[in-house]
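Here is the structure we will look at.
The values are calculated or read from the model by the stated rules, or taken from the named source; none is laboratory data. Since the structure is predicted, the reported quantities are computational estimates derived from the model, not experimental observations. Quick reminder, even Gly has a Cβ in these numbers, built from the backbone with ideal geometry, and neighbours come from all protein chains shown. All accessible areas refer to the heavy atoms of the entire protein, side chains included, with ligands and DNA or RNA removed. Shrake-Rupley method; radii C 1.70, N 1.55, O 1.52, S 1.80 Å.
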Amino acid sequence: MVADKNIPILVQNDPWLAPYQKQISDRIKRFDERYAEIVQQFGSLRDYAGAHHELGLNYDAGQKGWWYREWAPAATSLGLVGDFNDWDDNAHQLKRNEAGYWELFIPEAQLSSGQKFKVRVASATGTQDRIPAYANYATQNPDTHDFSAEIYQPEAAFQWADADFKVGDKCDNLYIYECHVGMAQETQGVGTYREFADKILPRIAKGGYNAIQVMAVQEHPYYGSFGYHVSNFFASSSRFGTPDDLRYMVDKAHQLDIMVIMDLVHSHAVKNTAEGLNEFDGSDHQYFHAGGKGMHSAWDSKLFDYGKEEVLRFLLSNVRYWMEEFHIDGFRYDGVTSMLYYHHGDHVSFDHYDKYFDQLDWDVVMYFQLATTLAKQLNPESVIIAEDMSGLPGLCRPVAEGGLGFDYRLAMGIPDYWIKLLKHKSDEDWDINEMWGTLTNRRGGEKTIAYAESHDQALVGDKTLAFWLMDKEMYYHMHQDSNHVVIDRGIALHKMIRLFTLALGGEGYLNFIGNEFGHPEWVDFPREGNDWSYQHARRQWSLADHPDLKYQYLLAFDQHMIQLAAANKVVSALPAKQLNMDHDNHVIVFERNNLVFVFNFHPQHSIPDYRFKVDHPGKYTIISNSDRADFGGFNRVDDEMSYPAVTLFGEYFLSLYVPSRTCIVLKRKQVD
């Protein structure tokens, strides 16, 4: 049967979308028309996304000086002030054109690297010194704590050493290490890009992870916001070092064959006027929607007007900027659900397809289509991930099919499920069918990043999985010589939950920094409520490195798990096939990419001669066993044994000893 070319592929692949065919067709048509307009006017989408070369402070080698340009249509005057003119705005007044763009040329002799500057904006609402919208470096005064833009022009350009780095098959075999540079060191304080590159990246590489997802890169005034209240979108956070320090970190990651995914915040902006974009030209609707529509009440932040040309160019230029200037390999888009719908997903259950279309913001759809298209044009191997909890059909399908062009979405329901299970059900009441259903519930043909926990679960007010499992006993019984049933249970389930999530939950996997070894405490940035302490804004690597502590077992298992999964391309394979579900014994057996995974979640039942069907004949050997002593287990399984598939009634069966709270992975070695 020949498919109707007038029906979008997205609808062809999902008949339930047939009632929404027109909306999806219109989505494709609107993009094609908009893209054609951009190419006709600017020559290419890349050139359209080049506003950062026009606006802000840019050096002109031909004219031997600096152009400063700003878009501020509601302003009445703009003056550049700074160290170079004793903060006198009369010395460097900008001229305005009819479109609301202001400009000024400054000879190179008047400006030098390291000088601080702002733009003094006068409007009907008053006069205020602002950080330029396209500032690429902003530093904080240690005494007054206010931010200023700073000219950053090193004597020599940064020399990249990553020419040979290729993303390659990492796109489809993705193991992500989510991290925060500032809290990555064990010492109490703010870590730097270079410290992270030299001390932490080797740990990540040793663990087998092939990507880092870096939080809080864009400048933000409040450290405790985790980087999600951005003020300066083109400035890498100066808390952690200079722009070249960030380049050094990215370059070092590439040399270790690790791709760099940046946590990109285009979902909202800080409402501050001293640092951010809010009321930049004196109006409330320059970059953001006017009035209440421009405020996110739950986040106390400002919402972009994605339908405005200047805002669209600002955000798309930001995508290009990070990829070209810092060699970023991809983005994890924050708050995608909030962006997509007028109701921001607040208190909405997406239990009917109507809810994916009734409140959908078409301007945001267009932005995402252009952004993902741009990223792929700049780097066809780039990886774009959506933090979306709605499950919008087509989010992770190509634009030409009616999709939005993302590569992956985060499986946000999985960590919520694990927390709910640990919080509200005893081990005996775990429902294996519910577990299977939750971990496999995702749209076919759209890739998902599975994770047992991320930074969301580590924040103060919640608990990490390790803390849910072991709580205060971690403070007293993590020494090798201390035996405690709570710790034994916690270590066993911590390993099982992570492997179960990786093997079953998606087409990629993510871990938050330190959680691989069961970091014992929450994340809490310095704030008034904790006396501005860094005690919980760090990672205690010494716990995992200490030879007498049990954290080493969780770390060893995580390294083994990631390396085994990567070598066998588990997450890039087709979804798992269920082989056996045993409710009474809490045993789940499934196959993925020729590996057989056996999970016994029962707290007591260790089953000798446990028999289950497999699809293929041959000998099977154990390649992973969470009960190994070096993983904190009890050595109840002999890894040296091989298990031949026995033929019974024309079907193939394996029989092996399956201890309680243990996961075993077998691989078929030969066919009889």
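Here the 3J(HN,Hα) profile of the stretch 273-290, calculated from phi with Karplus coefficients 6.51, -1.76 and 1.60 at θ = phi - 60°, is 9, 5, 10, x, 8, 4, 6, 4, 9, x, 9, 9, 10, 6, 9, 10, 5, 7 Hz, Gly and Pro shown as x. In the context of the full set of protein chains, residues of the chain present 39 Å² of accessible surface per residue (probe radius 1.4 Å, heavy atoms only). The length gained by stretching the chain between Asn594 and Glu37 to full extension, at 0.36 nm per residue less their Cα-Cα distance, is 195.6 nm. List residues of the stretch 22-49, by number, whose backbone nitrogen lies under 19 Å from a label position 7 Å along Cα→C-beta of Asp354. Answer for this model: 22-24.
What is the angle, in °, between the Cα long axis of helix 551-567 and the longest principal axis of the Cα atoms in the chain? Nearest 10 is fine, range 0 to 90. Rounded to the nearest ten degrees, it is 90.
If you plug the beta carbon distance of Asp86 and Gln153 into 1/(1 + (r/R0)^6) with R0 = 25 Å, you get a FRET efficiency near 0.75. For the stretch 353-457, compute Rg over Rh where Rg is the Cα radius of gyration and Rh is the Kirkwood radius from the inverse mean 1/r over Cα pairs. Computed over Cα atoms, the ratio is 1.05.
Computing FRET efficiency as 1/(1 + (r/R0)^6) for Glu651 and Glu434, where r is the C-beta to C-beta distance and R0 is 22 Å, gives about 0.20.
Relative to the longest principal axis of the Cα atoms of the chain, the long axis of helix 362-378 lies at roughly 80 degrees.
So, R0 is 45 Å and r is the distance between the beta-carbons of Asp630 and His347; what FRET efficiency does that work out to, to 0.05?
Calculated value: 0.45.
If the segment from His285 to Ser533 were pulled out straight at 0.36 nm per residue, it would be longer than the present Cα-Cα gap by 85.5 nm. Candidate values [x] 54, 37, 21; [y] 41, 35, 26; [z] 48, 29, 22 were compared with semi-axes √(5λ) of the Cα gyration tensor in Å computed on the shown model; the agreeing label is [z]. Per atom type, the chain shows carbon and sulfur on 49% of its accessible surface, probed at 1.4 Å. Using only the alpha-carbon atoms of the stretch 449-540 as identical scatterers, what base-10 log of I(q)/I(0) does the Debye formula give at q = 0.12 Å⁻¹? Relative scattering, expressed as log10 I(q)/I(0), comes to -0.42. Size estimate for the stretch 1-149 follows the Kirkwood approach: the inverse of mean 1/r over distinct Cα pairs works out to 19.0 Å. Sequence-distant contacts, meaning Cα pairs under 8 Å at least 6 residues apart, place the relative contact order of the chain at 11 percent. Given their separation in residues at 0.36 nm each and the Cα-Cα distance between them, Thr125 and Asp363 gain 82.7 nm when the chain is fully extended.
Plainly put, the stretch 215-368 has a radius of gyration that is 0.99 times its Kirkwood radius, both from alpha-carbon atoms, as the Rg/Rh ratio. Entry for the stretch 67-121 at q = 0.12, 0.27, 0.28 Å⁻¹: log10 I(q)/I(0) = -0.26, -1.10, -1.15, Debye formula applied to identical alpha-carbon scatterers, no solvent contribution. The angle separating the long axis of helix 243-255 from the principal Cα axis of greatest extent in the chain is about 30 degrees.
Evaluate the distance, in nm, between pseudo-label points positioned 7 Å from the Cα of Gln563 and of Lys669 along their respective Cα→Cβ axes. A separation of 2.0 nm, rounded to one decimal place.
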